[in-house]
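The next block holds one structure in the form of structure tokens; read it before the comments.
The values are calculated or read from the model by the stated rules, or taken from the named source; none is laboratory data. None of the values given here were measured: they were computed from a predicted structure. Positions of Cβ are backbone-derived with ideal geometry, glycine not excepted, and every protein chain shown enters the neighbour counts.
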Amino acid sequence: MTNSTRMAWILAAALALLSIPAGCSSDGGEAQTDGDEMTDGDEEAEIDEDALPACWTDLAEGEKIALADGLSGTEGITFDGKGKLYAASATMLMEISPDGIQRDVAPFSKAVGIAAAEDGSILVCDFGPSDEVDVRDGVLWRVSPEGDAQALSEGAIANANFPVRTPWGSWLVSDDFAPEIWEITDDGEATLWTNEIPSPNGMVFSADGKTLYVANTFDQDSRVFAVSVVDGEAAGVEEFTRLDPGSVNDGMAMDEDGNLYVAANIKGQIVRVALDGSYETLVGGMTTPASLAFGEGEGFDPCSLYVTELAGAKIWRVAVGVRGARLYR
Ligand SMILES: [Ca+2]
């Protein structure tokens, strides 16, 4: 068994543990401080800086505070673009209030990464019943704002891990147990988009849509790849940066200046990667940080990252001091 295979099974075991119902639907407990500096902004005002919500100033850059606690481990996290925050444990898609209170939205068997569509639906990746790499039972679900879950794609991806909306209006879905990223149309048609990136996980597009950044998880060293995108196709794969050994990269986010934020899962850190590929640790002291998203909507800081813990109990807010990049939806 190779190291990467062993690591895969460690996280697979963690996922299996998380799939045990843990009576986690109760009050999330610990509340964060009020966001009283928050002001409403006009989402359509892309150019008018004054119309954008202000950064909170209660935490210094790199400081963190628990938004929610008492969770049974969460992985996916996304804002819906309409003011709500969602997070996914292995067995439940939840809404998380600005006070850290959780509300069950829809149950799953093995939910992983999530992302929001333009209409406020939440796309949920699901490993399916089997974690085997050759059993194509992974599912991409689409959950309506009312909580109605419909399978958008099943039977193509073995272990659907993370979804990202493409600039051309489809979904890319990574499979971290295989070197595969799939494209899923809104009609559910699935095609293999690239098989050139080992253990792809978190993904984010550059603002111009010409580059897809992909974090790799189990294949060491811990790298971030840059995929050149031409006419909606993967036109070339390059190594963008190589983080510290053992980072075991998971989710990614991007700020408005194009810096990347990578969840170094096993190290318990969020690492910031500059445009030239150099990197620094923004924050540590987390338990297996999994996915991360910049705040959107009233009660959330637009200049903080909200971070799930795969094998921990918290959702953190980490102050960054700059806004997130606009996401494709
Ligand atoms: Ca599976």
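When we screen Asp131, Asp104, Asp99 for residues that are in contact (Cβ under 8 Å) with a residue 40 or more places away in the chain, part of a strand (DSSP E or B) and more than 17 Å from the chain's Cα centre (by Cα), the only hit is Asp104. Quick one: is Thr57 within 16 Å of the ligand (Cβ to nearest atom) and surrounded by fewer than 24 Cβ atoms within 10 Å (Cβ to Cβ)? No, not satisfied. Restricted to region 147-258, the set of strands (runs of 3 or more DSSP E) holding at least 1 residues that are more than 26 Å from Val105 (Cα to Cα) and out of contact with any Cys (no Cβ under 9 Å at 6 or more places or on another chain) comprises 180-184, 190-194, 200-205, 211-216, 223-230, 233-242, 249-254. Within region 74-96, being assigned to a loop (DSSP other than H, G, I, E, B) and either surrounded by fewer than 24 Cβ atoms within 10 Å (Cβ to Cβ) or without any contact (Cβ under 8 Å) to a residue 60 or more places away in the chain (or both) holds for Asp80, Gly81, Lys82, Gly83, Lys84, Thr91. Within the option set Ala215, Ala207, Ala226, Ala263, being touching a residue at least 24 places away in the same chain (Cβ under 8 Å), within 29 Å of Ala117 (Cβ to Cβ) and in contact with a Leu (Cβ under 8 Å, 6 or more places away or on another chain) holds for one residue only, Ala263.
Only residues that are of a type outside the set (Val, Ile, Thr), surrounded by 15 or more Cβ atoms within 10 Å (Cβ to Cβ) and out of contact with any helix residue (DSSP H, G or I) (no Cβ under 8 Å at 6 or more places or on another chain) were counted in region 208-231, giving 8.
Here's the yes/no breakdown for (1) within 16 Å of the ligand (Cβ to nearest atom); (2) at pLDDT 95 or above; (3) crowded, with 23+ Cβ neighbours inside 10 Å:
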position	(1), (2), (3)
Gln102	no, yes, yes
Ala117	no, yes, no
Phe127	yes, yes, yes
Asp137	yes, yes, no
Phe162	yes, yes, yes
Ser170	no, yes, no
Val173	yes, yes, yes
Asn201	yes, yes, yes
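Among the residues making up region 267-289, those that are in contact with a Ser or Thr (Cβ under 8 Å, 6 or more places away or on another chain) and surrounded by fewer than 16 Cβ atoms within 10 Å (Cβ to Cβ) are Gly277, Ser278. Only a single item in (1) in contact with a Phe, Trp or Tyr (Cβ under 7 Å, 6 or more places away or on another chain); (2) under 25 Å from Ala325 (Cβ atoms) is not met by Asn159, and it is number (2).
Filtering region 139-154 to residues that are within 11 Å of the ligand (Cβ to nearest atom) and not acidic (Asp, Glu) leaves only Val139.
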